[in-house]
1. Give the distance, in whole Å, between the Cα centre of segment 395-434 and the Cα centre of segment 202-231.
2. When N counts the residues of segment 1-140, how does its alpha-carbon radius of gyration compare numerically with 2.2 N^0.38 Å, as a ratio?
3. Counting only protein heavy atoms and using a 1.4 Å probe, what share of the accessible area of the chain belongs to carbon plus sulfur, as a whole percent?
4. Find how many whole Å separate the alpha carbon centroid of segment 284-330 from the alpha carbon centroid of segment 1-62.
5. Give me the extension gain from D84 to D123: residue separation times 0.36 nm, minus the current Cα-Cα distance, reported in nm with one decimal.
6. Using the Kirkwood formula on the Cα atoms of segment 121-231, what hydrodynamic radius do you get, in angstrom to one decimal?
7. Contour minus end-to-end for A144 and Q9, with contour as 0.36 nm per residue of separation and end-to-end as the Cα-Cα distance?
8. Distance cut-off 26 Å, Cα to Cα: go down the list K280/K323; K183/K265; K291/K354 and report the pairs above it.
Amino acid sequence: ERKMLLELQNRNALLREVDSAQLLAARNLIQYLVLRNEDITDVQDALHILGLSSLASAESHIHRQLQSILQRLGTSYAPGTLDDCTYEYSLKHIAEQSNTLFGERKDSSIPHIMVTFDASFADNYAFIKNLLQNGMNVARINCAHDDEATWAKMIQHLKRACRYTNTNCKIYMDLAGPKIRTKILNKGKRKGRVKVKEGEIIWLADEVTGFDKEDVVISLNEPGVIKMLKKDERIYIDDGIIKAYVEDIKKDKVAIRIVRIASEKQQIKEGKGINFPDSKINISSLTEFDKKCIPFICEHADLIGYSFVKYSSDLVELQKVLKKTTRIHPYIIVKIETPESVQNLPSLLLSGMKQNAFGVMIARGDLAVEIGFERMGEIQEEILWICEAAHVPVVWATQVLDTLNKSGMATRSEITDASHAALAECVMINKGDHTIEVIETLRDILHRTGKHHNKKRFTFRPLNIARRFIQATE
(Lines give C-alpha, C1' and ligand atoms only; values in the text may rest on other atoms or scores of the structure.)
Protein backbone atom coordinates (compact mmCIF):
# COMPACT_ATOMS: atom_id res chain seq x y z
CA GLU A 1 0.00 0.00 0.00
CA ARG A 2 2.86 2.39 0.77
CA LYS A 3 4.25 1.87 -2.73
CA MET A 4 0.82 2.61 -4.22
CA LEU A 5 0.53 5.94 -2.39
CA LEU A 6 4.09 6.89 -3.25
CA GLU A 7 3.52 6.18 -6.94
CA LEU A 8 0.42 8.37 -6.93
CA GLN A 9 2.55 11.21 -5.58
CA ASN A 10 5.15 10.62 -8.30
CA ARG A 11 2.42 10.74 -10.96
CA ASN A 12 0.64 13.78 -9.54
CA ALA A 13 1.43 16.01 -12.54
CA LEU A 14 0.04 13.37 -14.89
CA LEU A 15 -3.12 12.94 -12.81
CA ARG A 16 -3.80 16.68 -12.95
CA GLU A 17 -4.24 16.38 -16.72
CA VAL A 18 -6.91 13.68 -16.39
CA ASP A 19 -10.58 14.60 -16.84
CA SER A 20 -12.32 14.91 -13.46
CA ALA A 21 -14.75 12.11 -14.39
CA GLN A 22 -11.76 9.78 -14.91
CA LEU A 23 -9.67 10.70 -11.85
CA LEU A 24 -10.58 7.80 -9.54
CA ALA A 25 -10.13 5.35 -12.40
CA ALA A 26 -6.73 6.84 -13.29
CA ARG A 27 -5.59 6.55 -9.68
CA ASN A 28 -6.82 2.96 -9.56
CA LEU A 29 -4.93 2.12 -12.77
CA ILE A 30 -1.65 3.39 -11.31
CA GLN A 31 -2.23 1.51 -8.05
CA TYR A 32 -3.01 -1.67 -9.96
CA LEU A 33 0.19 -1.35 -11.98
CA VAL A 34 2.15 -0.98 -8.74
CA LEU A 35 0.69 -4.26 -7.50
CA ARG A 36 1.31 -6.00 -10.84
CA ASN A 37 4.95 -4.95 -10.65
CA GLU A 38 5.30 -7.42 -7.76
CA ASP A 39 5.06 -11.18 -7.50
CA ILE A 40 2.38 -11.82 -4.86
CA THR A 41 1.42 -15.38 -5.76
CA ASP A 42 2.48 -16.71 -2.33
CA VAL A 43 0.50 -13.97 -0.58
CA GLN A 44 -2.54 -14.81 -2.69
CA ASP A 45 -2.35 -18.46 -1.68
CA ALA A 46 -2.06 -17.51 2.00
CA LEU A 47 -5.05 -15.15 1.77
CA HIS A 48 -7.10 -17.80 -0.01
CA ILE A 49 -6.36 -20.33 2.74
CA LEU A 50 -7.58 -17.79 5.33
CA GLY A 51 -10.84 -17.39 3.42
CA LEU A 52 -10.01 -13.80 2.43
CA SER A 53 -9.96 -12.11 -0.97
CA SER A 54 -6.84 -13.04 -2.90
CA LEU A 55 -7.12 -9.75 -4.86
CA ALA A 56 -8.03 -11.68 -8.01
CA SER A 57 -10.92 -10.07 -9.93
CA ALA A 58 -10.34 -6.81 -8.01
CA GLU A 59 -8.73 -4.93 -10.90
CA SER A 60 -11.37 -2.19 -10.88
CA HIS A 61 -10.96 -1.28 -7.18
CA ILE A 62 -7.58 -2.68 -6.18
CA HIS A 63 -6.56 -0.29 -3.36
CA ARG A 64 -9.94 -0.41 -1.63
CA GLN A 65 -9.84 -4.22 -1.81
CA LEU A 66 -6.36 -4.22 -0.27
CA GLN A 67 -7.58 -1.92 2.50
CA SER A 68 -10.52 -4.24 3.22
CA ILE A 69 -8.15 -7.21 3.54
CA LEU A 70 -5.91 -5.28 5.94
CA GLN A 71 -8.96 -4.39 8.05
CA ARG A 72 -9.93 -8.07 8.27
CA LEU A 73 -6.39 -8.82 9.38
CA GLY A 74 -6.66 -6.32 12.23
CA THR A 75 -5.27 -3.14 10.67
CA SER A 76 -7.65 -0.21 11.22
CA TYR A 77 -8.12 2.93 9.16
CA ALA A 78 -9.09 6.35 10.42
CA PRO A 79 -12.42 7.66 9.05
CA GLY A 80 -12.04 9.21 5.61
CA THR A 81 -8.84 7.41 4.65
CA LEU A 82 -10.48 4.57 2.75
CA ASP A 83 -10.15 4.80 -1.02
CA ASP A 84 -13.27 6.15 -2.75
CA CYS A 85 -12.85 3.76 -5.69
CA THR A 86 -15.04 0.99 -4.31
CA TYR A 87 -16.39 -2.11 -6.03
CA GLU A 88 -19.80 -0.46 -6.32
CA TYR A 89 -18.31 2.72 -7.79
CA SER A 90 -16.24 0.80 -10.34
CA LEU A 91 -19.24 -1.21 -11.57
CA LYS A 92 -21.26 1.96 -12.00
CA HIS A 93 -18.45 3.90 -13.67
CA ILE A 94 -17.55 1.16 -16.18
CA ALA A 95 -21.25 0.78 -17.05
CA GLU A 96 -21.59 4.54 -17.54
CA GLN A 97 -18.52 4.66 -19.76
CA SER A 98 -19.79 1.73 -21.81
CA ASN A 99 -23.24 3.28 -22.26
CA THR A 100 -21.69 6.61 -23.26
CA LEU A 101 -19.68 4.93 -25.99
CA PHE A 102 -21.99 2.19 -27.23
CA GLY A 103 -25.47 3.25 -26.08
CA GLU A 104 -27.96 1.79 -23.64
CA ARG A 105 -28.31 -1.99 -23.66
CA LYS A 106 -31.68 -3.74 -23.61
CA ASP A 107 -30.00 -6.86 -22.18
CA SER A 108 -27.44 -5.89 -19.54
CA SER A 109 -26.18 -9.48 -19.24
CA ILE A 110 -24.37 -9.44 -22.59
CA PRO A 111 -21.90 -7.04 -24.24
CA HIS A 112 -22.82 -4.62 -27.00
CA ILE A 113 -22.58 -6.03 -30.51
CA MET A 114 -20.75 -4.18 -33.30
CA VAL A 115 -21.24 -5.24 -36.93
CA THR A 116 -18.81 -4.39 -39.73
CA PHE A 117 -20.53 -2.88 -42.77
CA ASP A 118 -19.71 -3.91 -46.32
CA ALA A 119 -20.03 -1.87 -49.54
CA SER A 120 -23.09 -3.96 -50.42
CA PHE A 121 -24.87 -2.48 -47.37
CA ALA A 122 -25.10 0.83 -49.23
CA ASP A 123 -27.84 -0.72 -51.38
CA ASN A 124 -29.44 -3.00 -48.80
CA TYR A 125 -31.69 -1.13 -46.39
CA ALA A 126 -33.64 -4.30 -45.54
CA PHE A 127 -30.54 -6.12 -44.30
CA ILE A 128 -29.48 -3.20 -42.11
CA LYS A 129 -32.95 -3.13 -40.59
CA ASN A 130 -32.69 -6.89 -39.97
CA LEU A 131 -29.36 -6.41 -38.18
CA LEU A 132 -30.93 -3.83 -35.87
CA GLN A 133 -33.86 -6.10 -35.09
CA ASN A 134 -31.46 -8.93 -34.22
CA GLY A 135 -29.38 -6.96 -31.72
CA MET A 136 -26.80 -4.79 -33.47
CA ASN A 137 -25.84 -1.88 -31.19
CA VAL A 138 -22.94 -0.35 -33.16
CA ALA A 139 -22.40 -0.10 -36.92
CA ARG A 140 -18.76 -0.16 -38.02
CA ILE A 141 -17.56 1.53 -41.22
CA ASN A 142 -13.91 1.01 -42.16
CA CYS A 143 -12.49 4.07 -43.94
CA ALA A 144 -9.80 1.88 -45.49
CA HIS A 145 -12.48 0.75 -47.95
CA ASP A 146 -14.94 2.50 -50.28
CA ASP A 147 -15.49 6.28 -50.25
CA GLU A 148 -17.53 9.05 -48.65
CA ALA A 149 -20.45 8.57 -51.04
CA THR A 150 -20.73 4.87 -50.10
CA TRP A 151 -20.35 5.63 -46.39
CA ALA A 152 -23.08 8.28 -46.63
CA LYS A 153 -25.50 5.76 -48.21
CA MET A 154 -24.79 3.25 -45.43
CA ILE A 155 -25.41 5.87 -42.76
CA GLN A 156 -28.59 7.09 -44.47
CA HIS A 157 -30.02 3.55 -44.53
CA LEU A 158 -28.97 2.97 -40.92
CA LYS A 159 -30.67 6.12 -39.63
CA ARG A 160 -33.82 5.31 -41.59
CA ALA A 161 -33.84 1.79 -40.12
CA CYS A 162 -33.31 3.19 -36.61
CA ARG A 163 -36.37 5.41 -37.03
CA TYR A 164 -38.46 2.54 -38.37
CA THR A 165 -37.49 0.09 -35.62
CA ASN A 166 -37.35 2.73 -32.89
CA THR A 167 -33.84 1.47 -32.09
CA ASN A 168 -30.69 3.40 -31.30
CA CYS A 169 -27.42 2.43 -32.97
CA LYS A 170 -24.04 4.12 -32.64
CA ILE A 171 -21.86 4.75 -35.69
CA TYR A 172 -18.19 3.76 -35.40
CA MET A 173 -15.76 4.75 -38.17
CA ASP A 174 -12.23 3.33 -38.40
CA LEU A 175 -9.38 5.48 -39.61
CA ALA A 176 -7.45 3.52 -42.22
CA GLY A 177 -4.11 4.23 -40.58
CA PRO A 178 -0.73 3.26 -42.06
CA LYS A 179 -1.79 -0.26 -42.97
CA ILE A 180 0.96 -1.59 -45.23
CA ARG A 181 -0.51 -3.51 -48.16
CA THR A 182 0.83 -5.37 -51.19
CA LYS A 183 0.90 -4.06 -54.78
CA ILE A 184 1.75 -6.54 -57.55
CA LEU A 185 4.30 -5.07 -59.97
CA ASN A 186 5.54 -8.04 -61.95
CA LYS A 187 4.61 -11.61 -62.98
CA GLY A 188 0.96 -11.37 -62.09
CA LYS A 189 -0.58 -13.78 -64.61
CA ARG A 190 -4.05 -12.94 -63.28
CA LYS A 191 -4.89 -9.35 -62.51
CA GLY A 192 -4.22 -8.49 -58.86
CA ARG A 193 -2.54 -11.75 -57.84
CA VAL A 194 0.70 -13.68 -58.32
CA LYS A 195 1.57 -17.34 -57.82
CA VAL A 196 4.33 -18.17 -55.28
CA LYS A 197 5.73 -21.28 -53.63
CA GLU A 198 7.67 -22.20 -50.48
CA GLY A 199 11.42 -21.73 -50.83
CA GLU A 200 11.02 -19.15 -53.59
CA ILE A 201 12.72 -15.78 -53.53
CA ILE A 202 10.57 -12.79 -54.42
CA TRP A 203 11.38 -9.08 -54.40
CA LEU A 204 10.12 -5.98 -52.63
CA ALA A 205 10.74 -2.83 -54.65
CA ASP A 206 9.14 0.50 -55.48
CA GLU A 207 9.42 0.01 -59.25
CA VAL A 208 9.79 -2.87 -61.69
CA THR A 209 12.89 -1.69 -63.56
CA GLY A 210 16.03 -3.82 -63.26
CA PHE A 211 14.27 -7.18 -62.94
CA ASP A 212 13.86 -10.20 -65.21
CA LYS A 213 10.38 -10.84 -66.57
CA GLU A 214 10.14 -14.01 -64.44
CA ASP A 215 10.91 -12.22 -61.15
CA VAL A 216 8.01 -11.76 -58.75
CA VAL A 217 8.10 -8.13 -57.67
CA ILE A 218 5.82 -6.64 -55.00
CA SER A 219 5.59 -3.01 -54.05
CA LEU A 220 4.11 -1.50 -50.89
CA ASN A 221 1.50 1.24 -50.61
CA GLU A 222 3.65 3.10 -48.04
CA PRO A 223 6.79 4.65 -49.57
CA GLY A 224 10.09 4.31 -47.75
CA VAL A 225 9.29 1.11 -45.84
CA ILE A 226 11.55 -1.09 -47.97
CA LYS A 227 14.61 0.96 -46.97
CA MET A 228 13.83 0.33 -43.27
CA LEU A 229 14.23 -3.45 -43.55
CA LYS A 230 17.26 -5.42 -42.38
CA LYS A 231 18.65 -8.86 -43.14
CA ASP A 232 17.00 -11.89 -41.42
CA GLU A 233 13.94 -9.92 -40.27
CA ARG A 234 10.60 -11.73 -40.51
CA ILE A 235 7.85 -10.71 -42.91
CA TYR A 236 4.24 -11.90 -42.78
CA ILE A 237 1.78 -11.50 -45.65
CA ASP A 238 -2.03 -11.86 -45.59
CA ASP A 239 -2.60 -12.13 -41.82
CA GLY A 240 0.40 -14.44 -41.39
CA ILE A 241 -0.63 -17.00 -44.01
CA ILE A 242 2.68 -16.43 -45.81
CA LYS A 243 5.89 -16.23 -43.77
CA ALA A 244 9.17 -14.97 -45.21
CA TYR A 245 12.60 -13.67 -44.20
CA VAL A 246 14.70 -10.86 -45.58
CA GLU A 247 17.49 -12.70 -47.38
CA ASP A 248 19.34 -9.94 -49.21
CA ILE A 249 19.30 -6.16 -49.40
CA LYS A 250 20.22 -4.25 -52.53
CA LYS A 251 20.22 -0.49 -53.09
CA ASP A 252 16.55 -0.06 -53.97
CA LYS A 253 15.17 -3.56 -53.50
CA VAL A 254 14.96 -6.36 -50.95
CA ALA A 255 15.01 -10.11 -51.63
CA ILE A 256 12.78 -12.15 -49.35
CA ARG A 257 12.56 -15.95 -49.15
CA ILE A 258 9.17 -17.54 -48.55
CA VAL A 259 9.41 -20.28 -45.91
CA ARG A 260 5.74 -21.06 -45.26
CA ILE A 261 2.40 -20.80 -47.07
CA ALA A 262 -0.45 -21.94 -44.82
CA SER A 263 -3.04 -22.13 -47.59
CA GLU A 264 -3.87 -24.33 -50.56
CA LYS A 265 -4.05 -21.20 -52.71
CA GLN A 266 -0.36 -20.44 -52.98
CA GLN A 267 -0.65 -16.87 -54.11
CA ILE A 268 -0.23 -13.26 -53.04
CA LYS A 269 -3.13 -10.96 -53.84
CA GLU A 270 -3.20 -7.22 -54.37
CA GLY A 271 -4.09 -5.18 -51.30
CA LYS A 272 -3.26 -7.86 -48.69
CA GLY A 273 -1.73 -6.75 -45.40
CA ILE A 274 2.00 -7.19 -44.85
CA ASN A 275 3.59 -7.09 -41.38
CA PHE A 276 7.20 -6.56 -40.28
CA PRO A 277 7.29 -7.65 -36.60
CA ASP A 278 11.09 -7.39 -36.27
CA SER A 279 11.54 -4.12 -38.17
CA LYS A 280 11.53 -0.56 -36.90
CA ILE A 281 8.97 0.99 -39.23
CA ASN A 282 8.86 4.72 -38.64
CA ILE A 283 5.48 5.81 -40.01
CA SER A 284 3.02 8.22 -38.41
CA SER A 285 -0.12 6.56 -37.02
CA LEU A 286 -2.22 9.44 -38.41
CA THR A 287 -1.84 9.55 -42.19
CA GLU A 288 -2.75 12.36 -44.59
CA PHE A 289 -5.63 10.23 -45.86
CA ASP A 290 -6.89 9.87 -42.26
CA LYS A 291 -6.84 13.65 -41.85
CA LYS A 292 -8.93 14.06 -45.00
CA CYS A 293 -11.50 11.61 -43.60
CA ILE A 294 -11.81 13.28 -40.19
CA PRO A 295 -14.28 16.08 -41.18
CA PHE A 296 -16.73 13.46 -42.55
CA ILE A 297 -16.25 11.28 -39.49
CA CYS A 298 -16.82 14.19 -37.10
CA GLU A 299 -20.04 15.06 -38.93
CA HIS A 300 -21.54 11.56 -38.99
CA ALA A 301 -19.91 9.26 -36.42
CA ASP A 302 -20.26 8.76 -32.66
CA LEU A 303 -16.96 6.87 -32.36
CA ILE A 304 -13.64 7.07 -34.20
CA GLY A 305 -11.25 4.11 -34.30
CA TYR A 306 -7.54 4.99 -34.20
CA SER A 307 -5.51 2.36 -36.07
CA PHE A 308 -1.90 1.30 -35.46
CA VAL A 309 -1.35 3.54 -32.45
CA LYS A 310 2.06 3.11 -30.84
CA TYR A 311 2.71 5.92 -28.37
CA SER A 312 0.70 8.35 -26.26
CA SER A 313 2.03 11.13 -28.50
CA ASP A 314 0.06 9.54 -31.37
CA LEU A 315 -3.11 9.89 -29.33
CA VAL A 316 -2.31 13.50 -28.44
CA GLU A 317 -1.89 14.26 -32.16
CA LEU A 318 -5.36 12.87 -33.00
CA GLN A 319 -6.93 14.73 -30.06
CA LYS A 320 -5.48 18.00 -31.38
CA VAL A 321 -6.76 17.39 -34.92
CA LEU A 322 -10.25 16.55 -33.64
CA LYS A 323 -10.38 19.70 -31.51
CA LYS A 324 -9.38 21.82 -34.50
CA THR A 325 -12.06 20.17 -36.65
CA THR A 326 -15.09 20.55 -34.40
CA ARG A 327 -16.02 21.51 -30.84
CA ILE A 328 -17.90 18.26 -30.18
CA HIS A 329 -16.14 15.31 -31.76
CA PRO A 330 -16.54 11.49 -31.71
CA TYR A 331 -15.21 9.48 -28.79
CA ILE A 332 -11.88 7.80 -29.55
CA ILE A 333 -11.45 4.02 -29.62
CA VAL A 334 -7.72 3.18 -29.47
CA LYS A 335 -6.91 0.03 -31.44
CA ILE A 336 -4.27 -2.17 -29.83
CA GLU A 337 -2.60 -3.97 -32.74
CA THR A 338 1.15 -3.36 -32.44
CA PRO A 339 3.77 -4.54 -29.91
CA GLU A 340 4.43 -0.88 -29.03
CA SER A 341 0.77 -0.25 -28.21
CA VAL A 342 0.80 -3.23 -25.83
CA GLN A 343 4.01 -2.07 -24.15
CA ASN A 344 2.72 1.49 -23.82
CA LEU A 345 -0.86 0.61 -22.90
CA PRO A 346 -0.83 2.37 -19.47
CA SER A 347 0.42 5.62 -21.01
CA LEU A 348 -2.14 5.36 -23.81
CA LEU A 349 -4.93 4.88 -21.26
CA LEU A 350 -3.84 7.82 -19.13
CA SER A 351 -3.60 9.98 -22.23
CA GLY A 352 -7.07 8.89 -23.30
CA MET A 353 -8.38 9.79 -19.85
CA LYS A 354 -7.92 13.45 -20.70
CA GLN A 355 -11.34 12.96 -22.33
CA ASN A 356 -14.42 12.15 -20.27
CA ALA A 357 -14.81 8.82 -22.10
CA PHE A 358 -12.89 6.65 -24.56
CA GLY A 359 -12.42 2.97 -25.32
CA VAL A 360 -9.93 0.31 -26.44
CA MET A 361 -10.24 -2.26 -29.21
CA ILE A 362 -8.20 -5.46 -29.05
CA ALA A 363 -7.59 -5.79 -32.79
CA ARG A 364 -6.50 -9.38 -32.64
CA GLY A 365 -5.74 -9.83 -36.35
CA ASP A 366 -2.69 -7.63 -36.81
CA LEU A 367 -1.76 -7.96 -33.12
CA ALA A 368 -1.48 -11.75 -33.39
CA VAL A 369 0.77 -11.47 -36.43
CA GLU A 370 2.94 -8.81 -34.81
CA ILE A 371 3.47 -10.45 -31.40
CA GLY A 372 3.07 -14.11 -32.40
CA PHE A 373 -0.07 -16.25 -32.33
CA GLU A 374 1.23 -18.27 -29.38
CA ARG A 375 1.19 -15.14 -27.16
CA MET A 376 -2.32 -13.93 -28.01
CA GLY A 377 -4.08 -15.75 -25.16
CA GLU A 378 -1.73 -14.22 -22.60
CA ILE A 379 -1.67 -10.71 -24.08
CA GLN A 380 -5.40 -10.30 -24.59
CA GLU A 381 -5.98 -11.27 -20.95
CA GLU A 382 -3.43 -8.67 -19.79
CA ILE A 383 -5.07 -5.97 -21.91
CA LEU A 384 -8.46 -6.81 -20.41
CA TRP A 385 -7.08 -6.64 -16.83
CA ILE A 386 -5.36 -3.31 -17.33
CA CYS A 387 -8.34 -1.75 -19.10
CA GLU A 388 -10.65 -2.90 -16.31
CA ALA A 389 -8.30 -1.28 -13.80
CA ALA A 390 -8.69 1.94 -15.81
CA HIS A 391 -12.48 1.50 -16.13
CA VAL A 392 -12.03 1.68 -19.91
CA PRO A 393 -14.55 -0.26 -22.05
CA VAL A 394 -13.04 -2.85 -24.39
CA VAL A 395 -14.08 -4.00 -27.86
CA TRP A 396 -13.21 -7.65 -28.53
CA ALA A 397 -12.48 -7.78 -32.28
CA THR A 398 -11.31 -9.89 -35.24
CA GLN A 399 -12.48 -13.35 -36.35
CA VAL A 400 -15.26 -13.74 -33.79
CA LEU A 401 -17.24 -16.75 -35.10
CA ASP A 402 -15.52 -16.12 -38.43
CA THR A 403 -15.97 -19.64 -39.85
CA LEU A 404 -19.68 -19.55 -38.97
CA ASN A 405 -19.98 -16.20 -40.73
CA LYS A 406 -18.32 -17.48 -43.91
CA SER A 407 -19.53 -21.08 -44.10
CA GLY A 408 -22.63 -21.28 -41.91
CA MET A 409 -21.05 -23.70 -39.41
CA ALA A 410 -18.91 -22.78 -36.41
CA THR A 411 -15.81 -24.65 -35.27
CA ARG A 412 -15.54 -25.87 -31.67
CA SER A 413 -12.54 -23.64 -30.96
CA GLU A 414 -14.26 -20.45 -32.13
CA ILE A 415 -17.27 -21.18 -29.92
CA THR A 416 -14.85 -21.28 -26.97
CA ASP A 417 -13.17 -18.11 -28.22
CA ALA A 418 -16.53 -16.35 -28.50
CA SER A 419 -17.33 -17.20 -24.89
CA HIS A 420 -14.25 -15.20 -23.83
CA ALA A 421 -15.81 -12.16 -25.47
CA ALA A 422 -18.11 -11.92 -22.42
CA LEU A 423 -15.11 -10.35 -20.66
CA ALA A 424 -15.39 -7.30 -22.93
CA GLU A 425 -17.99 -4.54 -23.10
CA CYS A 426 -18.46 -4.83 -26.87
CA VAL A 427 -17.89 -7.58 -29.44
CA MET A 428 -17.12 -6.88 -33.09
CA ILE A 429 -18.34 -9.10 -35.93
CA ASN A 430 -16.72 -8.97 -39.35
CA LYS A 431 -18.64 -9.09 -42.61
CA GLY A 432 -19.86 -12.43 -43.96
CA ASP A 433 -22.77 -14.28 -45.57
CA HIS A 434 -24.23 -15.48 -42.26
CA THR A 435 -24.06 -12.33 -40.12
CA ILE A 436 -27.60 -12.69 -38.71
CA GLU A 437 -26.88 -16.26 -37.62
CA VAL A 438 -23.60 -15.10 -36.06
CA ILE A 439 -25.42 -12.45 -34.01
CA GLU A 440 -28.01 -14.98 -32.82
CA THR A 441 -25.30 -17.53 -31.89
CA LEU A 442 -23.15 -14.88 -30.22
CA ARG A 443 -26.04 -13.56 -28.14
CA ASP A 444 -26.80 -17.11 -26.98
CA ILE A 445 -23.15 -17.82 -26.07
CA LEU A 446 -22.70 -14.50 -24.27
CA HIS A 447 -25.95 -14.83 -22.38
CA ARG A 448 -24.87 -18.26 -21.08
CA THR A 449 -21.33 -17.25 -20.13
CA GLY A 450 -21.65 -13.56 -19.27
CA LYS A 451 -22.70 -14.22 -15.69
CA HIS A 452 -19.75 -16.51 -14.98
CA HIS A 453 -16.58 -14.72 -16.05
CA ASN A 454 -16.11 -12.79 -12.78
CA LYS A 455 -15.73 -16.07 -10.90
CA LYS A 456 -12.35 -16.96 -12.39
CA ARG A 457 -9.37 -16.70 -10.04
CA PHE A 458 -6.04 -15.44 -11.35
CA THR A 459 -2.65 -15.30 -9.71
CA PHE A 460 -0.66 -12.07 -9.87
CA ARG A 461 2.80 -12.72 -11.23
CA PRO A 462 4.62 -9.56 -12.35
CA LEU A 463 3.47 -8.06 -15.66
CA ASN A 464 6.10 -6.66 -18.02
CA ILE A 465 3.64 -3.90 -18.98
CA ALA A 466 3.41 -2.82 -15.34
CA ARG A 467 7.15 -3.12 -14.75
CA ARG A 468 7.91 -0.93 -17.78
CA PHE A 469 5.47 1.76 -16.56
CA ILE A 470 6.67 1.80 -12.94
CA GLN A 471 10.37 1.80 -13.85
CA ALA A 472 9.83 4.92 -15.94
CA THR A 473 9.70 6.98 -12.71
CA GLU A 474 12.47 5.23 -10.80
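The values are calculated or read from the model by the stated rules, or taken from the named source; none is laboratory data. Here the structure is a predicted model, which means the values were calculated and not measured. Cβ sites come from the backbone with ideal geometry, for glycine too, and all protein chains shown count toward neighbours. Only protein heavy atoms, including side chains, enter the accessible area calculation; ligands, DNA and RNA are left aside. Shrake-Rupley method; radii C 1.70, N 1.55, O 1.52, S 1.80 Å.
1. If we compute the Cα centre of each part, the gap is 36 Å.
2. Numbers: Rg = 20.9 Å, N = 140, 2.2 N^0.38 = 14.4 Å.
Its radius of gyration relative to the 2.2 N^0.38 Å reference: 1.45.
3. Details: 10530 of 22310 Å².
That fraction is 47 percent.
4. If we compute the Cα centre of each part, the gap is 31 Å.
5. On the way: separation 39, 0.36 × 39 = 14.04 nm, distance 5.12 nm.
8.9 nm is the gain from fully extending D84 to D123.
6. Working: mean 1/r = 0.0570 Å⁻¹.
The Cα-based Kirkwood calculation yields 17.6 Å.
7. On the way: separation 135, 0.36 × 135 = 48.60 nm, distance 4.28 nm.
Here the segment from A144 to Q9 would lengthen by 44.3 nm.
8. Numbers: K280/K323 30 Å; K183/K265 18 Å; K291/K354 21 Å.
Going by Cα-Cα distance, K280/K323 fall outside the 26 Å limit.
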